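First up is the structure itself, then whatever we jot down about it.
The values are calculated or read from the model by the stated rules, or taken from the named source; none is laboratory data. This one's a predicted model, so the numbers in the text were calculated from it and none came from an experiment. We place every Cβ from the backbone using ideal geometry, glycine too, and count neighbours over all the protein chains shown.
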Amino acid sequence: MLSSIEQRLATELAVKTSQIQATVQLLDDGATVPFIARYRKEATGGLDDAQLRLLAERLHSLRELEKRRAAIIAAIEKLGKMTPPLLDALTHATDKALLEDLYLPYRKKRRTKAQIAHEAGLQPLADSLLNDPRLEPQAEAAKYLKAPFTTEEGDNPGVADAAAALEGAQHILIERFAEHAPLLQTLRDYLRGHGVLTAKAVKDKKDSDTKYTDYHDYSEAISKIPSHRALALLRGEREGVLKLKLLLDSELEDKSRNLTLNPCEQMISRQFSIRDQKRAADGWLIDTVRQAWRTKIFAHLETELMGNLQESAETEAIKVFAQNLKALLLAPPAGARVTIGLDPGLRTGVKVAVVDATGKVLDTTTIYPHAPRNDWDGALHTLKQLAERHSATLIAIGNGTASRETDHLAQELSKKYPQLKLTSIMVSEAGASVYSASELASEELPNLDVSLRGAVSIARRLQDPLAELVKIDPKSIGVGQYQHDVNQSQLAQSLDAVVEDSVNAVGVDVNTASPALLRYVAGLNSKIAHNIVAYRDSKGRFAQRAELMKVPSLGAKTFEQAAGFLRIADGNNPLDASAVHPESYPLVEQILRNVKLKVNELIGNAAILKTVRPEQYANERFGLPTIRDILHELEKPGRDPRATFKTATFKEGVETLQDLHPGMVLEGVVTNVAAFGAFVDIGVHQDGLVHISALADKFVKDPHSVVKVSQVVTVKVVEVDEKRRRIALTMRSDDNATTRR
C-alpha cells in the first residue's frame, strides 16, 4: 500500500510512485545512493544521484514530520481534548509550522498571565465583552473582584479592582488570538509577502565599520533577499555592527500609523468580529487586538520568519559550496607523472617535494630563491638536479605567498634547461597547511617534517585532485562562502555526499588508493578502508575483486555496494578493471559465448559491441538500462569522466594590484562561484570578481550554469580598488572576453 509520504515524494519530485517505492525500499535495506544510481536503474526508473540525494533528504524530513504528528496527537489525546475536527486538521497539516500552530493551545507551558486570569475566574468577563461590545467594561469588570488565593499552580493575586480585571481579561483574549491556528497561518503568509527587513548601523560602530557599509541604511522585502545578503546581514547583527528589524511594508511607508490598525491587526479584528462602532467596549477590544499583534503574535512570527530566512539562506549557501566542491574534486587530473611540488615562501624558503607517478615521496628539500637570502642560482641548480635525478616532467606551485615569484623561478628553469621538458602549473594550496598538521598526514608521512608535507600535497593534487583533496576537511578547501555561519552538521552531511558521489563517479584503484579515498567508496567506512589497506600491505596487491571478501568486516552486503566502484588494474579478470559489477559477470559471459570471443578480445572492440542487441539479453534480473551500461563500459572500460587537463597562463609583468588597469585582458582560473558571481585568480594574489551580470551576454540566473571552479577563463579588468583590494572583471563578449571550456 502506498504511504502518504511516498505519495507526497512522487508529487514533489514529479516521478512515478513506483520509482519512489522502489527507491525507498532500497534505501531502507541499506543501499547507498551511488550504488542505487549506477546499478539499480531498472528499479528507480533511472533516477540520478542528485534526485536520489533529494529523495533521501525529503524522506528523512517527512518521516520526522510524521513522528512529530504522532507525538502531538498522542499528547492531545492524553489530555482528553481531542475532537474530530482537530484530529482531521492535525492529520492533514502539511508542514511543521501548521502542526505546531494547532498544538499551541494544548502545549504545556509555564504559568502565563492568561492562566492566572483564568484561575481568577475572568474568562466570562473576556467572553462577555468580546460577544457584546455594548457592555460597559468598567461596570462589567467590577463584578469580578476577588481576594488573593492559592492554587496547586501557585499563589494568585486575585482581582483587586476593575483595572486588574480588565487587564486579566485582555491577557485571556490575547492568548486566544495568538493560538488561533488558521489566523496564524494567514498572518504568517501575509508577513512573508509584505515583510521588509531593515538594517541600521549600531551608533558606536558606524564610523569604524568598513565591512558592512552597504547595510548601514538598508531595507529589502524579506521574500526577495538572496542567500548571500541574508547571511551577511545576520553575521553583521551577530557581530554587533548591525541592528536588524522586520516591518510591514505599510509601516515602512507610513511610520506615523499609531492610532489605526495595520493590515495584520485588521485581520485579527475581522477573525473575531471586532469593529469600532463607538460602542462601550469597542475601544478596549481594539486595544486588545493591537496588544495581541504587537506584544505576542508579531514577536512569534518575526522569530519564525527570521529563522526561516537563515535556514533557507544556509541551505542555498551549502548548495553553492557543494557545487563548487564537486567541480574542484572532479577537476581534470594532470595524470600519473613524476611531479615536483613547490610550497612557496619568502623568509622560510620554498619547500620542495618530489613524488613519483603514484604519489610516493622520492625526495624533499628547501630552497631560498627569494629575499632575504636571494639564492636564485642555487635554487635553480637544486631543482635541475632533482628533475634530472627523478625524471620529473611537472612542477606544481602553490598559489599562496610568493607564488608568482616562484613561478618565475620555474619558468626560468624550463627556459634555461629545455632538455628537461618541464611544465609548471599553479595549483590552489587551500587546505594544504591543514592537511600538513593533520593526524592523517602524520600517518601517511611519519618521517617528514610538517613544513614539507604541504609541498607533497600540492604535487599530489596536481596529479589527481580527487585523490588528494579527500584527505582534507571540505570546509578547509575554501570554495564556499559563510561556511562557518551555516548549520555545521548539515554542511558536513552535504559535503560528504558530494565527496562520495565524486569518488564513486570516477572509481578507485583498490591497489593504490589511500584509506582517506577508500572510505568514500559506496558501502565502505573508515574502519573497512583501513582494513583493506592493511590486508593489501600484508598479503600483497589484490588480484581479483572476489578477494575483497577476505578483508575483515567486509561482508557480502558491503561487497555488493562497493565492488563496482573498486577497480583492479592488471588483475586476473579484465572486468575487474571496469565499472561492470561482479553481479553482472554472468551476463557478460553469456555475451562472450554468443560472440565467440574471450573477454580481453571483447573489451574495447566497438565494432563487435555495436552488433550486440541489448533486447536479446533482457530478463527479470537484467533490464535494458543495465545491459546498455555494460555494453558502454565494455567499449571504454574504466573511463575517467573528468575533462581533459588544461592550465591557465598568467600574464608576464602582472603580479600585483598595482600592475592592473581597466581594459586589460587576462587569463585566469575560477576559484569560487557564489550566488552573485564568480571569483577568478588572475595571478595578483587577490581574486577578481565577475559579477553575475557580467558573466555572459544573456541573463544569468545561476552562475554555475556559466562557470565552475577550476575552469580556465579569459576576463577583462573593469575596475581596480586598491584600498579595498577589490577587482571587478567581466566575461561579456562585447567586452572582448570569452570563456575557454
Check: Considering the stretch 100-127 alone, what residues qualify as being in contact with a helix residue (DSSP H, G or I) (Cβ under 6 Å, 6 or more places away or on another chain) and under 29 Å from L305 (Cα atoms)?
Finding: D101, L102, Y103, Y106, K113, A114
Margin query: Regarding the stretch 167-180, can at least one residue be identified that is among the β-branched types (V, I, T), within 21 Å of E302 (Cα to Cα) and surrounded by fewer than 21 Cβ atoms within 10 Å (Cβ to Cβ)?
Written below: no
Check: So how many residues does the stretch 674-694 have that are hydrophobic (A, V, I, L, M, F, W, C) and on the phi > 0 side of the Ramachandran plot?
Finding: 0
Check: Would the stretch 168-188 turn up any residue that is more than 30 Å from L122 (Cα to Cα), not in a helix (DSSP H, G or I) and not acidic (D, E)?
Finding: no
Next item on the list: From Y435, Y482, Y417, grab the single residue that is over 30 Å from T315 (Cβ atoms) and aromatic (F, W, Y).
Entry: Y417
Next item on the list: Restricting attention to strands (runs of 3 or more DSSP E) lying wholly within the stretch 340-398, give those where 1 or more residues are free of Cβ contacts under 8 Å to residues at least 60 places away in the same chain and farther than 30 Å from N511 by Cβ.
Entry: 350-355, 361-367
Note to self: Where the second residue is surrounded by fewer than 19 Cβ atoms within 10 Å (Cβ to Cβ) and of a type in the set (G, A, S) and the first is under 13 Å from V15 (Cβ atoms) and lies in the stretch 44-58, which pairs have Cβ atoms under 9 Å and are six or more apart or on separate chains?
What the structure shows: T44/A22; G45/S18; G45/A22
Checklist line | Evaluation of P574 against (1) within 19 Å of F622 (Cβ to Cβ); (2) in contact with a Pro (Cβ under 8 Å, 6 or more places away or on another chain); (3) in contact (Cβ under 8 Å) with a residue 60 or more places away in the chain (one fails), failing number | finding: (1)
Checklist line | Meets criteria (farther than 30 Å from K319 by Cα, under 38 Å from the mean Cα position of the chain (by Cα) and not polar (S, T, N, Q)) for E589 | finding: no
Notebook entry, point to check: Of the residues in the stretch 400-426, how many are in contact (Cβ under 8 Å) with a residue 40 or more places away in the chain and acidic (D, E)?
Noted result: 2
Note to self: Restricting to the stretch 470-509, give me the number of residues that are touching a helix residue (DSSP H, G or I) at 6+ places or on another chain (Cβ under 7 Å), farther than 19 Å from E439 by Cα and not small (G, A, S).
What the structure shows: 18
Check: Can you name the helices (runs of 4 or more DSSP H) wholly within the stretch 26-133 that have at least 3 residues being surrounded by fewer than 17 Cβ atoms within 10 Å (Cβ to Cβ)?
Finding: 49-79, 84-92, 96-103, 123-131
Next item on the list: Quickly run through the stretch 610-655 and pick out the residues that are farther than 30 Å from M426 by Cα and not in a helix (DSSP H, G or I).
Entry: K610, T611, V612, R613, A618, N619, E620, R621, F622, G623, K636, P637
Next item on the list: Please indicate, with yes or no, whether at least one residue in the stretch 686-705 is basic (K, R), part of a loop (DSSP other than H, G, I, E, B) and closer than 20 Å to A430 by Cβ.
Entry: no
Note to self: If I73 satisfies all but one of (1) within 20 Å of G623 (Cβ to Cβ); (2) free of Cβ contacts under 8 Å to residues at least 40 places away in the same chain, what's the number of the condition it fails?
What the structure shows: (1)
Check: Any residue at all in the stretch 195-202 that is among the aliphatic types (A, V, I, L, M), in the same structural domain as A292 (by TED's automatic domain parsing), assigned to a loop (DSSP other than H, G, I, E, B) and farther than 23 Å from A89 by Cβ?
Finding: yes
Note to self: Among the residues that make up the stretch 555-565, is at least one of them without any contact (Cβ under 8 Å) to a residue 40 or more places away in the chain and farther than 23 Å from A31 by Cβ?
What the structure shows: no
Notebook entry, point to check: Is there a residue in the stretch 525-532 that is assigned to a loop (DSSP other than H, G, I, E, B) and either among the aliphatic types (A, V, I, L, M) or exposed (fewer than 14 other Cβ atoms within 10 Å of the Cβ) (or both)?
Noted result: no
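Each row is one residue, and each column tells you yes or no for (1) of a type in the set (G, A, S); (2) more than 24 Å from K41 (Cα to Cα); (3) under 33 Å from the mean Cα position of the chain (by Cα).
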| residue | (1), (2), (3) |
| --- | --- |
| S494 | yes, no, yes |
| P515 | no, yes, yes |
| H530 | no, yes, yes |
| K557 | no, no, yes |
| L566 | no, no, yes |
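Conditions (1) within 17 Å of L184 (Cβ to Cβ); (2) of a type in the set (D, E, K, R); (3) not assigned by TED's automatic domain parsing to the domain that holds I286, marked per residue:
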| site | (1), (2), (3) |
| --- | --- |
| K96 | yes, yes, yes |
| A117 | no, no, no |
| G121 | no, no, no |
| P124 | no, no, no |
| N131 | no, no, no |
| R134 | no, yes, no |
| Y144 | no, no, no |
Check: Can you tell me which residues in the stretch 673-726 are touching a Phe, Trp or Tyr at 6+ places or on another chain (Cβ under 8 Å), within 24 Å of D659 (Cα to Cα) and surrounded by fewer than 22 Cβ atoms within 10 Å (Cβ to Cβ)?
Finding: D687, L689, H691
Next item on the list: Please determine, by comparing only the residues of the stretch 549-577 that are in a loop (DSSP other than H, G, I, E, B) and small (G, A, S), which one is farthest from R536 (Cα to Cα).
Entry: G555
Next item on the list: State yes or no: is E429 among the charged types (D, E, K, R) and free of Cβ contacts under 8 Å to residues at least 12 places away in the same chain?
Entry: no
